[in-house]
Amino acid sequence: MHHHAHSSIDIHAHYYPESYIRLIEKYGSEFGATVDTSNPSRPVIKSAPTVSALEDRFIHMEARIEDMDRIGVDVHAISMTMPMILWAGAKLQQQLVEAHNDSAFEAYQKYPDRLCVLATLPFDNIDLAIAELDRIAKMPGLKGIYSETRISKNKEIDDESLYPLWERLEAMGLPLFLHPVHVVEPARLGKYFMVNTIGNPVDTGIAASRLIFSGILDRYPKLEVVLPHAGGVYPILFGRMTRAWERSKGGLDANKGRGADAYLKRFYYDNISHSNEVMEYLVKLVGADRIMLGSDYCFDMGYERPCDKVEGYDFLAAADKKLILGETARKLLKL
């Protein structure tokens, strides 16, 4: 029995299967992506953006499960992250997606009580995305779909080409998990690690805003959407967004839909804010039942011991801690 008695579910835990890394190594250079294996035990994926050295526990499941035991996390919802796949050509995109998804499902079958899968799709081509969704729909362990906050340089999350996909996810009851990759104006964020500290939360806010004001969340009322990094800037800027909507600025039609304040409890959030004050504010805003445990496993910007983080929220009652540690995720992911 683990430290948290099967109560902790980490919804923000990344996975780099060997097959995915090998494909980048073999075919990536044509698209400006390579793998630096000068330290063979810690490969680095060099692309835009470059991924920090990948420790063994990122790649090999045995090492991850041992590590999960060490830090007291019962379940990882595993997902792909940077550099994702959209930098590649269509054929390689497809190969990367299939390699990642298939490896994740294999891992799940090996450790069904410790893992579940947030699969990814080739979002840039709606037909291929739906074909991949159909291919994996019946795979045991599939609990959600993982997407970039910005689909590609010229396609945002509210692009109408994606509507059939949102409709399908809603019908299947699969939540959509978002994660920034290509952030807004990265050149301005070059110093002080701002691409991550500022770029990521801003990009999450952009995605939230687009989902709200496009009417997508009203059109697909049962589609569940999870925002990373405690919602990024959205929980702080919703008042400004609502004011703009009331004033019909920026092409918004104030007769359609509602202000950004009405959607705060329409999203789910992880708790990766790195600030107890921010978490206390977020709980006040959306309720502990909309927030789930995340670690950003196992990047240095994440939580080394995510459960301890939640246990340390002295502003929360024990029941609310339980919700964040795993009860909300268990319900959302139908575990």
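The table below gives the values:
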{"read-out": "Within region 173-196, tally of residues that are in a helix (DSSP H, G or I) and surrounded by 13 or more Cβ atoms within 10 Å (Cβ to Cβ)", "value": "5"}
{"read-out": "Of all residues making up region 265-281, the number that are under 14 Å from the mean Cα position of the chain (by Cα), outside any loop (DSSP other than H, G, I, E, B) and free of Cβ contacts under 8 Å to residues at least 60 places away in the same chain", "value": "2"}
{"read-out": "Filter pass, residue 253 being without any contact (Cβ under 8 Å) to a residue 12 or more places away in the chain and either assigned to a helix (DSSP H, G or I) or over 22 Å from residue 181 (Cα atoms) (or both)", "value": "yes"}
{"read-out": "Complete set of residues in region 176-190 that are under 17 Å from the mean Cα position of the chain (by Cα) and either within 14 Å of residue 205 (Cβ to Cβ) or at pLDDT 95 or above (or both)", "value": "176, 177, 178, 179, 180, 183"}
{"read-out": "Selected residue [out of contact with any strand residue (DSSP E or B) (no Cβ under 6 Å at 6 or more places or on another chain), over 25 Å from residue 248 (Cβ atoms), surrounded by fewer than 21 Cβ atoms within 10 Å (Cβ to Cβ) and without any contact (Cβ under 8 Å) to a residue 24 or more places away in the chain] from 127, 159", "value": "127"}
{"read-out": "Breaking point among (1) farther than 20 Å from residue 203 by Cβ; (2) over 18 Å from the mean Cα position of the chain (by Cα), for residue 154", "value": "(1)"}
{"read-out": "Members of region 77-91 that are more than 15 Å from the chain's Cα centre (by Cα) and closer than 16 Å to residue 16 by Cβ", "value": "87, 88"}
{"read-out": "Failed item in (1) surrounded by fewer than 18 Cβ atoms within 10 Å (Cβ to Cβ); (2) outside any helix (DSSP H, G or I), with residue 70 passing the rest", "value": "(2)"}
{"read-out": "Residue in region 257-267 that is at pLDDT 95 or above and of a type in the set (Asp, Glu) present", "value": "no"}
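The values are calculated or read from the model by the stated rules, or taken from the named source; none is laboratory data. Worth saying up front: this structure is predicted, and the values here are computed from it rather than measured. Virtual Cβ from ideal backbone geometry, glycine too; neighbours counted across all protein chains shown.
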